[in-house]
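Trainee: Next up is a structure, given as C-alpha cells.
The values are calculated or read from the model by the stated rules, or taken from the named source; none is laboratory data. This structure is a prediction, so every number in the text was calculated from the model and none was measured. Heads up, the Cβs are rebuilt from the backbone with ideal geometry, glycines too, and the neighbour counts pull from every protein chain shown.
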Amino acid sequence: MAAKENSAAQEAMQKFGRFLSGMVMPNIGAFIAWGFLTALFIPTGWLPNEYLAQVGGPMSKWLIPLLLGFTGGAAIYKHRGGVVGAIATSGIIAGADIPMFLGAMIMGPIGGYCIKKFDQAIEDYIPNGFEMLVNNFSAGILGGILAILAYMGVGPVVLSANGVLRAGVEGIVAMGLLPLASIIIEPAKILFLNNAINHGVLSPLGIQQAEEMGKSMFFLLEANPGPGFGVLLAYWIFGKGSTKASTPGAMIIHVLGGIHEIYFPYVLMKPTLLLAVIAGGMSGVFTLNLLGGGLIAPAAPGSIIAVLAMTPKGAFLANMADFLVATVVSCAVASIFIKASKDDEESEEDLEAARASMAAMKNRGKDGQEEPKVAGKDIRKIVYACDAGMGSSALGAAALRKKLHKAGYNNIEVINFAIGNIPHDAQIVVSHEKLAQRAIEDSPQAEHIFIRDFTRNNVYDIIMDRLQNVETTEAAPAAAPQQSAAESGILKIENVRTNLPSVSKEDAIRMAGELLVKSGYVGEEYVEGMLRREADISTYVGKGIAIPHGENEVKSSIKKTGIVVLQYPQGVKFGDETAHLVVGIAGLGNDHLSILANIATTMDECSDEELQKLYTTNDAKVLFDMFTKAE
C-alpha cells in the first residue's frame, strides 16, 4: 500500500514538474534575451550603458511574466485560455514591485481553467450567430475580474510567500548549507522530478536574485553538467565492454548537447552511483558559493555551452571551477564503486534494462499511459483531426465509423475535431501528414497515424489489426433522434446546381463559397478562408468529390450550418485529380455530419457506373435525395 502511495506521489510530482516545465521551456528565448541584455549593459556588465540597460527592465517586469501566464493558460485551454491567463497575470504584475514569475505561474493556469469551465457551462445556451460576441466579451469580462482579484488578493499572498521562501533560502545560504540541496536535486534528476524543483522554485528565485544582483547561483544547482559527466568519465576509464564503449558519445551529448537524460541509465544500472552525483553536486555548489559564481538567466538546455553563454562578467572562473570540481569529485567517487563491482563486465542487457527502466519512469503519469501504443481491447476513442475539424476529418471519421460498426465494434467512438481542440482522452489521432507536428503538440498522450488522404488510406486495416481476436460485444449507446438534413435546412434543393461548365478549382470554390454567403450560412470572409484552406491542403477526397471548407481561422464567421452542391459533368481539376461534385461546407457543431456520412457511404458503396450517373444527371433532386437520405 505504501509503495502504491509513493508511486502515486511520484507520478503527481512528475506531472506537476512537466506542467511547470511546459510553462518555462517554450519561453526560454525570452529569458536568454533578457539575460544577454542585462549581462551586457548593466553597470557591472561587459558593455555598461545606462540608456540601453533600460531595455531589460520591462522584460523581467512585464514580458516574461505575461509569456508565462499565457503559456500556462494555453496549456489548460489552448489560445483562449492563454489570453485569459495573460489578462489575469497582468493584475498580479501590477500589484508587485518585483518580477512576478511565481505569480504568473499561478494566475496563468487559473485563468485558463476558469474560462474553460465557463465555456463548458454556457456552450449549449449561445444563440446561433452570437458565438463571437459571447466569446469575446466573456473572455474580456472574466479576465478583467481575475486581474482585479489577482491585484487585490492573490498578489499580496504571493509576495508574502515569496518573502518567506526567499528569507529561508537566504538563511540556508548564509549558514553555508546550500550544498545540501544536492541531496535532493541529484536523485530528483534521475527520477524525473527535477522540473518541479528547477522550474517551480529555483528558476523564479534565481531570476529575482539576478534582477537585483546581476547573477544567481540558483540557476546552476540543477543545470551543472559536472556530476553526470563525472559518472560517464568513470565508466569510460574503469568500465568494460559495451558500457565503456558507449560512454564517449554519451559524454558529448551530455556536456555539449545538454541532454542530461543520457547519463541516467548509467546511474540506474548501479544505484550506488547516486552517492557519486550527490557528492559531485555538493562539491560543485560549495565551490560556486566560495568563489561567488552564478548565471544571469537559466541555462537551457544544461550544456556547458549554455552555462558559459549565461555567465556574466567576472564569473567565468567560478562557474568553470563549479563544473570541473563537480566532475572530478563525481568521477572519483564513481570510480570506487565501478572498480569494486563484482562483475567483470557490465552487459549490454544491463544497460538496456536500465534504459527501459528510465523510460518507464519518464512516461509514468502521462495521462495514465506508460506506452503510447493502444492495445486493441483498450481502443475506445479515435479522433480524426484536420485544420478546421468540419470537412476532411468529418468525412474520414464517418467512413471509419461506418466500417467499424459494420464489423460489430459499436463501442468504439470515432469523432472529428479541429487541431487545437483534440480531447485529452483521445487514444488514436488520425491527421494529414502536413499537420503532423501540430497534431502531436496538441495530443502528446495519443498514438498518431498520419495519412495523405482522409478517405483512401489504411487506417481501417491498422485498427482491425489491433482488434483481431478481441471480442467486442458492448453495444453503443442509442443516438438521439435528429432532424434530417433536408428538414433542418442544412441543404436546400435550390443550393444544388447541376450541369455547370468546367472552371478552375479556385473559381469552383469561390462559387461554392458565394452560394453559402448568399444563403445566409456564412460571412463573406469565409470564402477567402476556403481558398486558403485549399492552398494549404487539397480538399479533394476521392471518387470525383471535393469538399472545400474554410480554415479554422474563419470558423467564427459561420452563422449556421449549411452545404451547397455543385455538379461539373466535365470535371474540375484539383491537382492531378478531377472532381465532378464540389460540396461546399460550413459546419457549426455536428449538424452537417449526416451529409458527410452519406458522402462516405456513396464513395464506399456506389459502383463507378452509379457514380457517373450522379456526376452527369440534370435532375438536382437526384443529388439532393442522395445527400439528405437517412443514414
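Trainee: Would you confirm whether or not region 481-489 contains a residue that is in contact with a His (Cβ under 8 Å, 6 or more places away or on another chain) and modelled with pLDDT under 55?
Mentor: yes
Trainee: What is the number of the single condition among (1) surrounded by 16 or more Cβ atoms within 10 Å (Cβ to Cβ); (2) at pLDDT below 85 that G143 does not meet?
Mentor: If we test G143 against (1) surrounded by 16 or more Cβ atoms within 10 Å (Cβ to Cβ); (2) at pLDDT below 85, just (2) comes out false.
Trainee: Among what's in region 392-434 and is among the hydroxyl-bearing types (S, T, Y) and within 21 Å of D465 (Cβ to Cβ), pick the residue that is surrounded by the most Cβ atoms within 10 Å (Cβ to Cβ).
Mentor: S431
Trainee: Something else: Given the structure, is G17 at pLDDT below 80 and either over 25 Å from the mean Cα position of the chain (by Cα) or not basic (K, R) (or both)?
Mentor: yes
Trainee: Checking the condition in a helix (DSSP H, G or I) and under 16 Å from P204 (Cβ atoms), which residue from G153, G163, G112 passes?
Mentor: Being in a helix (DSSP H, G or I) and under 16 Å from P204 (Cβ atoms) holds for just one of G153, G163, G112, which is G163.
Trainee: Name the residues in region 49-100 that are hydroxyl-bearing (S, T, Y) and closer than 19 Å to L146 by Cα, would you?
Mentor: Listed by number, the residues that qualify are T71, Y77, T89, S90.
Trainee: Checking the structure you have, find out if any residue of region 123-141 is outside any helix (DSSP H, G or I), closer than 27 Å to G420 by Cβ, aliphatic (A, V, I, L, M) and not assigned by TED's automatic domain parsing to the domain that holds G293.
Mentor: Yes, there is a match, as at least one residue in region 123-141 is outside any helix (DSSP H, G or I), closer than 27 Å to G420 by Cβ, aliphatic (A, V, I, L, M) and not assigned by TED's automatic domain parsing to the domain that holds G293.
Trainee: Right, here's the next one. Look through L52, L37, L47 and report the one residue that is modelled with pLDDT of 85 or more, over 24 Å from the mean Cα position of the chain (by Cα) and closer than 24 Å to A309 by Cα.
Mentor: The match here is L52.
Trainee: Do you know which residues across region 524-553 are over 12 Å from E506 (Cβ atoms), surrounded by fewer than 22 Cβ atoms within 10 Å (Cβ to Cβ) and of a type in the set (A, V, I, L, M, F, W, C)?
Mentor: The answer is I537, and nothing else.
Trainee: Answer yes or no: is there a residue in region 337-344 that is in the same structural domain as H432 (by TED's automatic domain parsing), outside any helix (DSSP H, G or I) and either modelled with pLDDT of 55 or more or within 30 Å of L275 (Cβ to Cβ) (or both).
Mentor: no
Trainee: So how many residues does region 225-249 have that are over 21 Å from G284 (Cα atoms) and not aromatic (F, W, Y)?
Mentor: Qualifying residue count, region 225-249: 12.
Trainee: May I ask you to verify whether L588 is at pLDDT below 85, in contact with a Gly (Cβ under 9 Å, 6 or more places away or on another chain) and not acidic (D, E)?
Mentor: Criteria met by L588.
Trainee: Evaluate region 558-573: report whether one residue or more is more than 17 Å from I490 (Cβ to Cβ), in contact with a Phe, Trp or Tyr (Cβ under 9 Å, 6 or more places away or on another chain) and at pLDDT below 90.
Mentor: no
Trainee: Please find, within region 460-471, the residue that is surrounded by the most Cβ atoms within 10 Å (Cβ to Cβ) out of those that are part of a helix (DSSP H, G or I) and modelled with pLDDT under 75.
Mentor: So the residue we want is L467.
Trainee: Also, quick follow-up: What do you reckon, is A96 within 15 Å of V157 (Cβ to Cβ) and either of a type in the set (F, W, Y) or over 21 Å from the mean Cα position of the chain (by Cα) (or both)?
Mentor: yes
Trainee: So G155 passes all but one of these: (1) under 19 Å from P58 (Cβ atoms); (2) crowded, with 20+ Cβ neighbours inside 10 Å; (3) at pLDDT 85 or above. Which condition number does it fail?
Mentor: Answer for G155: the failing condition is (3).
Trainee: Take S203 and decide whether it is crowded, with 23+ Cβ neighbours inside 10 Å and assigned by TED's automatic domain parsing to the domain that holds G280.
Mentor: Against the criterion (crowded, with 23+ Cβ neighbours inside 10 Å and assigned by TED's automatic domain parsing to the domain that holds G280), S203 qualifies.
Trainee: Looking for whichever is surrounded by 20 or more Cβ atoms within 10 Å (Cβ to Cβ), in a helix (DSSP H, G or I), modelled with pLDDT under 90 and under 22 Å from the mean Cα position of the chain (by Cα) here; the options are L67, L102. Which one fits?
Mentor: L102
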